[in-house]
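**Student:** One structure follows; several queries about it will come next.
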Amino acid sequence: MEGRANPLRVLFVASGEAGGAEYALATHLRHRPDWIEGRVLLLAPGPAADLFAAAGLDVTAGSLRSPVRPRGLAAFAGSFAGELRRARPAVVHATGIRAALACAAACRLLRVPLVWHKVDLAFDRRLAVPLALLSSGVVAVSAATAAALPPRRLLGIVPSPVRLESSFAVSAERPPATIGSVGRLVAHKGHGRVIEAAARLLPSHPHLRVLIAGAPVPYEAGEERRLRELAERLGMRQRVELLGHVDRIEDVLERLTILVGATYDDGREGSGFEGLGSSLVQGSWAGLPVVATLGGGTPEAVVDGVTGILVPPSDQAALADAIERYLGDPEAARSAGRAGAAFAREHFAPSQVTPRLFDSLARAARPRRRLR
C-alpha cells in the first residue's frame, strides 16, 4: 500500500490496560505509514492512554470495565454508535475479544467495517466463530490464535512487533543465576510455577533469585498476596522480587540470566495459554535464552532447542530441568541468546510485521456508506 493516494481513517479500540496487546498496538501505531489517520478509543480509562498518546494519537475513553456485563456492554454499544457517527472512520480496528464484542453491534448496524485483532485463545469454543462472522475480517497474532476462525474471515497473521530499540541487547556479562517472568499478576501466567521451579533448584544454585514484572489486575486482586505467601512457604521470601508494572522492560531483561514463561490452562474457558508469547520474543530480541511451557502460540515464539526450551505445561520437574540446563551451561545460554536475537529480528521487527497490519485494514475498508 506504499504510495497510497488517499488517507485511511481508522478508529482503534482497545482496553485501557497496559498489557502485551496494548504495547503491541502502540508499537504498530508508532510505525504507522503516513496514509493512516487514526484516533484511539479505550474501553475504559487506564494506563494504556499514555502509550497511545506517546504514539501521537488522540485518545478518549469509555466506561466499559472488566468483567464485562451485558448491561455495561449495551451502554457502551449505544455510545459507540454515536462515536462512529461523529468520527466516520473507514474501518474500526478492535484489539482483543472484549473490544471486538463491544464494537460489533454498532459496526454492523451502521455498516462500518470491523477488523478484530485476535490476540489470544479466550473463549474460542463459544465466541471465535460468531464474532469472526460479525467482523469484516480478523487479524491473528499467530497460527494458533487463527486456528478456531473460519478461513474466509482471516485477513492474515500479524505477530506482535518487538517494542525494544533495534540495537538493544543485554550486556555480555550475565548475572550467574537470576530467572524472571513478565506478565500481569494473574494465576494462569504461571508466576507461581516459576517460583516453585526456583525452589527446586535452590540446593544446586544457592544464590538463585527470581524477578517477576507485572501489575496486579482488579479481577484477581489476591494474586500478588498469593505469590508472596508461596515464596514464604518455600523459603524464597528474600529471593523473590515482585517488581509491579515496569515501563522499561529493558531494565528487567538486563538483570536476568534466563527469561521464563510458564503459562498454563487453568481450566476456565478464556484463561490460559499465550496467543503468541510476546514477552518471550522480547527476551529473545535482547539475547536471553528462554524457557517456556508448550501451548498456544509459544511454538511460534520459541524455536525449541535453538532459541530456548519448550516443556509440557503440567510438568514442574521438566520446567526446573530446562532452567537448570542454561544455569549449568553458560555457553549453551549464550548460544540460545544469539540464535534468539537473530530469530526475533527476522520475524518480529516492526518493519516486518506492521505493514501487514495496515495493509489488512486497507483491504477490509470499503467505500463509505451513509451513516444513519
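**Student:** For Leu164, work out the one condition from (1) under 29 Å from Pro330 (Cβ atoms); (2) at pLDDT below 95; (3) open to solvent by less than 60 Å² (accessible area, probe 1.4 Å) it doesn't fulfil.
**Tutor:** Result: Leu164 fails condition (2) only.
**Student:** Okay, moving on. Determine which member of the set Arg85, Arg126 is part of a helix (DSSP H, G or I), more than 30 Å from Ala301 (Cα to Cα), among the basic types (Lys, Arg) and touching a residue at least 60 places away in the same chain (Cβ under 8 Å).
**Tutor:** Result: Arg85 is the single residue among Arg85, Arg126 that is part of a helix (DSSP H, G or I), more than 30 Å from Ala301 (Cα to Cα), among the basic types (Lys, Arg) and touching a residue at least 60 places away in the same chain (Cβ under 8 Å).
**Student:** State all residues of region 214-265 that are crowded, with 16+ Cβ neighbours inside 10 Å and basic (Lys, Arg); if no residue qualifies, say none.
**Tutor:** Of everything in region 214-265, those that are crowded, with 16+ Cβ neighbours inside 10 Å and basic (Lys, Arg) turn out to be Arg239, Arg255.
**Student:** Tell me, which residue of region 314-328 that is of a type in the set (Asp, Glu) and more than 25 Å from the chain's Cα centre (by Cα) is most open to solvent (accessible area, probe 1.4 Å)?
**Tutor:** Asp321
**Student:** Same structure again: All but one of (1) in a helix (DSSP H, G or I); (2) within 24 Å of the chain's Cα centre (by Cα); (3) more than 18 Å from Leu276 (Cβ to Cβ) hold for Glu331; which doesn't?
**Tutor:** Only one criterion in (1) in a helix (DSSP H, G or I); (2) within 24 Å of the chain's Cα centre (by Cα); (3) more than 18 Å from Leu276 (Cβ to Cβ) is unmet by Glu331, namely (2).
**Student:** If I go through region 141-156 residue by residue, how many of them are touching a residue at least 60 places away in the same chain (Cβ under 8 Å) and either of a type in the set (D, E, K, R) or crowded, with 16+ Cβ neighbours inside 10 Å (or both)?
**Tutor:** 5
**Student:** When Ala105 is evaluated against the numbered criteria (1) in contact with a helix residue (DSSP H, G or I) (Cβ under 8 Å, 6 or more places away or on another chain); (2) in a helix (DSSP H, G or I); (3) crowded, with 20+ Cβ neighbours inside 10 Å; (4) of a type in the set (A, V, I, L, M, F, W, C), which criterion, by number, is the only one it fails?
**Tutor:** It is condition (3) that Ala105 fails.
**Student:** Kindly indicate whether Asp251 is farther than 22 Å from Tyr264 by Cα, part of a helix (DSSP H, G or I) and of a type outside the set (Phe, Trp, Tyr).
**Tutor:** Spelling it out, Asp251 is indeed farther than 22 Å from Tyr264 by Cα, part of a helix (DSSP H, G or I) and of a type outside the set (Phe, Trp, Tyr).
The values are calculated or read from the model by the stated rules, or taken from the named source; none is laboratory data. Quick caveat: nothing in here was measured; it's all calculated off a predicted structure. Note that each Cβ is placed from the backbone with ideal geometry, even for glycine, and that neighbours are counted across all protein chains shown. SASA here: full protein model, heavy atoms, side chains in, ligands and nucleic acids out. Shrake-Rupley method; radii C 1.70, N 1.55, O 1.52, S 1.80 Å.
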